[in-house]
Number of protein chains: 2
Amino acid sequence: MDTAKLISKARETRDSSIARVEPPLAPLPASLPKNVTRIPDEYLTARELEITALDAPELLEAIRDKVYSSEDVTRAFLRRAAIAQKLNYGPRLTSYIQTNCITELLPERAIERAKYLDSLPHPIGPLHGLPISIKEHHGMRGCSTNGGYVALIEREPDGDLSLNDVLWDAGAVFYARTTQPQAVMHLETSTNIYGVTLNPWNTDLSPGGSSGGESALVAMRGSVLGIGGDIGGSIRCPAANTGIYGFKPTPGRICSTGTIVATSGQEGVIATKGPMSTSRSGLDLFMEAYLSSEPWTSEDTIAPIPWRPVTLPPKLKIAILWSDDIVTPHPPVTRALREVSSALQAAGHELVDWKPEAHDECWAITHSLYYEDGAACVEQLLSRGGEALLPLTEWLIKDNGNVRRRTAEEVCALKVQRNAYRQRYNKLWRSTGSGSEDSRMVDAILSPTGPGAAPPHGNAKYWGYTSQWNLLEYPGAVFPVTTVDQRLDVRDTGYVPKNAQDRFNYELYEPGRYVDAPVGLQIVTRKWEDEKCLKILEVVEKAMGRK
Amino acid sequence: MDTAKLISKARETRDSSIARVEPPLAPLPASLPKNVTRIPDEYLTARELEITALDAPELLEAIRDKVYSSEDVTRAFLRRAAIAQKLNYGPRLTSYIQTNCITELLPERAIERAKYLDSLPHPIGPLHGLPISIKEHHGMRGCSTNGGYVALIEREPDGDLSLNDVLWDAGAVFYARTTQPQAVMHLETSTNIYGVTLNPWNTDLSPGGSSGGESALVAMRGSVLGIGGDIGGSIRCPAANTGIYGFKPTPGRICSTGTIVATSGQEGVIATKGPMSTSRSGLDLFMEAYLSSEPWTSEDTIAPIPWRPVTLPPKLKIAILWSDDIVTPHPPVTRALREVSSALQAAGHELVDWKPEAHDECWAITHSLYYEDGAACVEQLLSRGGEALLPLTEWLIKDNGNVRRRTAEEVCALKVQRNAYRQRYNKLWRSTGSGSEDSRMVDAILSPTGPGAAPPHGNAKYWGYTSQWNLLEYPGAVFPVTTVDQRLDVRDTGYVPKNAQDRFNYELYEPGRYVDAPVGLQIVTRKWEDEKCLKILEVVEKAMGRK
């Protein structure tokens, strides 16, 4: 295999797709600020800015009411996505010169689709005319999908893709495919094919991963609704890092058929797809639109559970996870927890502290189960493409101490341990109802999404605040809370780290490294309580004074 | 470990529990017919016969209306269960002299429970006062559970048991625990602890397995509702073999927490519990009562799906699986398929032939996935108890060609193959809607439950007609259709077997070996269509002229 040639081919596919966006973009400046979120203001038309300022339900309404055509909307987002892509170049970022959030735009087919939808007398479904961006390894009908592996660059074009096909039938316009990291298993986003994806709020920082192409694009408002996937934090971490909304539902609610992963058949921890959006309403919209199609009638891997109405008690009982007792969150995260708690308290809700139960054990089980084969499948695929392990891949499968080749018995023993841990945690949650005045269980946990805001590139090595909920299969919704404040979020110079992971995280923090970095938090509910999770997010945001 | 002493202890527990049933039973005759189903008529009082002739919903009604007390009902079933147990002895059956369907009766606690329930002013739940029998390895609060393994005979008494606890809260009376085979993985029922369980319709035949204690007990009307479990046919095969009703739901609808299995952590094929009953109404009753408790609020391993109402079209489209193209069913099974088809046709339903797709591949995947560790877990447990592998265990884990120690990669590859097979079969089912006049998919498959009626002991070596639906996770409901007819069900002397499995099955058949053997068939629907499965069973039975 000619590795360099394949990589060129993939980049050529990307670059030519961006070059075909019309009208062509004016050249971007040679030098860019670290925070590039406002750059589109200078390059888009007033009308394009007006369109791309709207959130998903507003766009749908505007298309329905013929304020804009789907074509208008699609063209605006293609242009804005192209800018988001180009912004990630820049002379300052020499080592990232080839990086970006897009693997491919789909201008011709998107415009054709939009025109077709515009030609119809009535909306064909709840997403009629809405441009939706998709993480590359999820696949795209008629396109080739490489999943971030050089070895797969010339793969046959995709056929049926269960989730995409549902969105299509609901009226979606597919126009952008986004980057993921090597092995789709970093909480950052870089591959040997496309390089590093940058955080638009501060290009020195990671937009997170593995759905970091989506998070960067959505944060740039180059997309209002994107589809990511999550097995250890891959929707929630990038959402938090870029100040957007993201939702990881309970596995078994959204179909994954067609997605490229190296670890097929490894089912110790189950990945799930989910929405990433500029707004909370985008998450609701996606879940309702998808599940209203009754996707289980065609895909029996998902449970036949419609998007159920939820009635919440007027007074919620929210538990705060201040720390998981392994890695203490950085000051801006703790401040965000405090701010949201205060708002909740002021709104009359009951707050309790969440006592984490053996999150270190959960981390060990989770990371051990990611690769039942010691990640041989990943190494083989990388080696077939003639490409090197990137540092975070090296860390994940070699250095973090949990991944190794195991016998079938050892894998089974891990699953027994996992099942027992799940049961224990479920009991822990249920026990929050005993002994309290009204015998009411905790409704949700307010949890950090990570041990800090978006990290400087190459440092996302603690997944515990998200992967915890993957092993337990609890839904998690991430929402933006604040940004790092140079004055308020000073380093705690007296802090004594508890262990090596904690020390690594502690030493990483210096407010000056995190200028403009968003901080997002996470609402976690019990398994299957997906509807409740998003409903509580609404209550929390209302308590915060948002709409 | 003193194997013999442990076995004696377990048998002593059983025998003394039966001896404590009051009033004591008159001695049974020294010589019994092969068909022992009518023997209770000679040993029970008229009132006991009246009670035990009722099905589950009738008993509940009678208890609610104070026609009988729960204590009356419980005492009657304890006595009838004790007879069912003793009948399985007999001088003719010297090699089975210690065999039976009961591992333990619970006279004192059952009577105490019944009296308590009788003392209450109102029913506490939908099963108020109903005696329910439970397969031993499911466990029983406060009792020791050995799961058929000598090594576990002195195990600590059980605590929480999710399903039992729900039934308890619904008002059930636990009074009988029933046998299962070694490793809980034969489609017959024998262990080194309790010996062989016999089929009450013809004691030369097996009642099936692994829930063969339940099937023998229910067929004797020593129970009207029992709980079995199924990973390859273990509810459905024994139900068909003994002329009772049995239902294997989709995995994920009934909680298994607390059940003893050697293969914990092996999740290639998921077992599920389910009801076995004297009546179809018993199956409905169990599913409704269990799911109306919303068990998912305490056990998050099960999907939050209530027992949903189903509306069927007036004209069903039923596919008949005449043969799986591997093993041709014996003549009485084919006749049963013909009889039910004719009844369905006469009632105006549409019939089509089901074309089996690669059931041989499914068999190989399924049997390979039963033991990811090559069954080392089973051998270790047997060896710890100092007990020998019984012939059907030997066949299952050594001789059937699929079980061997595999690497983690090989196990993953099997799961990939399984997932692809599931998807293929799902497409096959969906394709039944294309090209037909009304584009309607097949509603259900009418399938054999096994390649013949209940086999002579030691011959249940083809599981394909049930295990097929385990791998696919399709629900299956078994109902009695006919019994082997010496005149109609002659051997097809011209038949040329297709392969070794087919030859083995063909050579087994001689009508004279199957006197009085019941033949049951199976209604199979798509994954998650549990409600539809039982509703279609109702339609089928009505077409057969039943109520």
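Testing A:A343 on (1) within 14 Å of chain B (Cβ to nearest Cβ); (2) touching a residue at least 60 places away in the same chain (Cβ under 8 Å), one condition comes back false. Which one is that?
Here A:A343 clears every test but (1).
What are the pairs with Cβ atoms under 6 angstrom where one residue, in the stretch A:282-308, is within 14 Å of chain B (Cβ to nearest Cβ) and touching a residue at least 40 places away in the same chain (Cβ under 8 Å) and the other, located anywhere, is of a type in the set (A, V, I, L, M) and assigned to a helix (DSSP H, G or I)? Sequence gap at least six, or different chains.
A:P295/A:V166; A:W307/A:M287; A:W307/A:L291
Tell me the residue from B:R491, B:R487 that is modelled with pLDDT of 95 or more, more than 13 Å from B:A240 (Cα to Cα) and either among the acidic types (D, E) or touching an Asp or Glu at 6+ places or on another chain (Cβ under 7 Å) (or both), please.
None of the others qualify; the one that does is B:R491.
Quick check: anything in the stretch B:324-337 within 14 Å of chain A (Cβ to nearest Cβ), farther than 27 Å from A:I302 by Cβ and either surrounded by fewer than 17 Cβ atoms within 10 Å (Cβ to Cβ) or touching a helix residue (DSSP H, G or I) at 6+ places or on another chain (Cβ under 9 Å) (or both)?
no
What is the one condition in (1) in contact (Cβ under 8 Å) with a residue 40 or more places away in the chain; (2) at positive phi that B:G464 does not satisfy?
The failed condition is (2).
I need the full set of residues from the stretch B:366-377 which are crowded, with 23+ Cβ neighbours inside 10 Å and away from chain A (no Cβ under 12 Å), in order please.
B:T366, B:Y370
From the list B:Y514, B:Y474, exactly one residue is among the hydroxyl-bearing types (S, T, Y), more than 14 Å from chain A (Cβ to nearest Cβ) and over 21 Å from B:G348 (Cβ atoms). Which is it?
B:Y514
Might you let me know whether the stretch B:147-160 holds any residue that is over 15 Å from B:A289 (Cβ atoms), among the aromatic types (F, W, Y) and crowded, with 22+ Cβ neighbours inside 10 Å?
Yes, some residue in the stretch B:147-160 is over 15 Å from B:A289 (Cβ atoms), among the aromatic types (F, W, Y) and crowded, with 22+ Cβ neighbours inside 10 Å.
Give the number of residues within the stretch A:374-433 that are free of Cβ contacts under 8 Å to residues at least 40 places away in the same chain and charged (D, E, K, R).
Number satisfying all stated conditions: 11.
Starting from the stretch A:477-491, take each residue that is not assigned by TED's automatic domain parsing to the domain that holds A:M276 and surrounded by 14 or more Cβ atoms within 10 Å (Cβ to Cβ) and list its partners that are of a type in the set (S, T, N, Q) and part of a strand (DSSP E or B), counting only C-beta distances under 6 angstrom and pairs at least six apart or across chains.
These pairs meet every condition: A:V478/A:Q522.
Could you give every pair whose Cβ atoms fall below 6 Å, whose first residue belongs to the stretch B:91-115 and is closer than 21 Å to B:Y149 by Cβ and part of a helix (DSSP H, G or I), and whose second residue is modelled with pLDDT of 50 or more and among the aliphatic types (A, V, I, L, M), counting only separations of at least 6 or pairs across chains?
Every condition considered, the pairs that remain are B:Y96/B:V196.
Report whether or not A:L312 is away from every other protein chain (no Cβ under 14 Å) and surrounded by fewer than 17 Cβ atoms within 10 Å (Cβ to Cβ).
yes
So is A:A183 on the phi > 0 side of the Ramachandran plot, buried (at least 20 other Cβ atoms within 10 Å of the Cβ) and within 22 Å of the chain's Cα centre (by Cα) or not? Walk me through how you get there before you give the answer.
Working: on the phi > 0 side of the Ramachandran plot: yes; buried (at least 20 other Cβ atoms within 10 Å of the Cβ): yes; within 22 Å of the chain's Cα centre (by Cα): yes.
So A:A183 passes the test.
Find the residue count for the stretch A:251-281, including only residues that are within 14 Å of chain B (Cβ to nearest Cβ) and out of contact with any Ser or Thr (no Cβ under 9 Å at 6 or more places or on another chain).
Counting residues in the stretch A:251-281 that are within 14 Å of chain B (Cβ to nearest Cβ) and out of contact with any Ser or Thr (no Cβ under 9 Å at 6 or more places or on another chain) gives 7.
Could you check how many residues of the stretch B:296-327 are more than 19 Å from B:P249 (Cα to Cα), in a loop (DSSP other than H, G, I, E, B) and within 24 Å of the chain's Cα centre (by Cα)?
Qualifying residue count, the stretch B:296-327: 6.
Could you run through the stretch A:419-429 and say how many residues are at the interface with chain B (Cβ under 8 Å from one of its Cβ atoms) and either more than 30 Å from A:D353 (Cβ to Cβ) or in contact with a helix residue (DSSP H, G or I) (Cβ under 9 Å, 6 or more places away or on another chain) (or both)? Show your work before the answer.
Here is the first cut: in the stretch A:419-429, the ones at the interface with chain B (Cβ under 8 Å from one of its Cβ atoms) are A:419, A:422-423, A:426.
In the following step, the residues that additionally are either more than 30 Å from A:D353 (Cβ to Cβ) or in contact with a helix residue (DSSP H, G or I) (Cβ under 9 Å, 6 or more places away or on another chain) (or both) were identified as A:422, A:426.
Adding up the residues that qualify gives 2.
Return a yes/no flag: does the stretch B:525-535 have any residue that is surrounded by fewer than 19 Cβ atoms within 10 Å (Cβ to Cβ) and in contact with a Pro (Cβ under 8 Å, 6 or more places away or on another chain).
No, every residue in the stretch B:525-535 fails to be surrounded by fewer than 19 Cβ atoms within 10 Å (Cβ to Cβ) and in contact with a Pro (Cβ under 8 Å, 6 or more places away or on another chain).
Considering only the stretch A:380-408, state which residues are surrounded by fewer than 18 Cβ atoms within 10 Å (Cβ to Cβ) and within 14 Å of another protein chain (Cβ to nearest Cβ).
Across the stretch A:380-408, the qualifying residues are A:Q380, A:R404, A:R405, A:T407.
The values are calculated or read from the model by the stated rules, or taken from the named source; none is laboratory data. None of these values were measured; they are calculated from a predicted model. Neighbour counts are summed over all protein chains in view; Cβ atoms, including those assigned to glycine, are modelled from backbone coordinates with ideal geometry.
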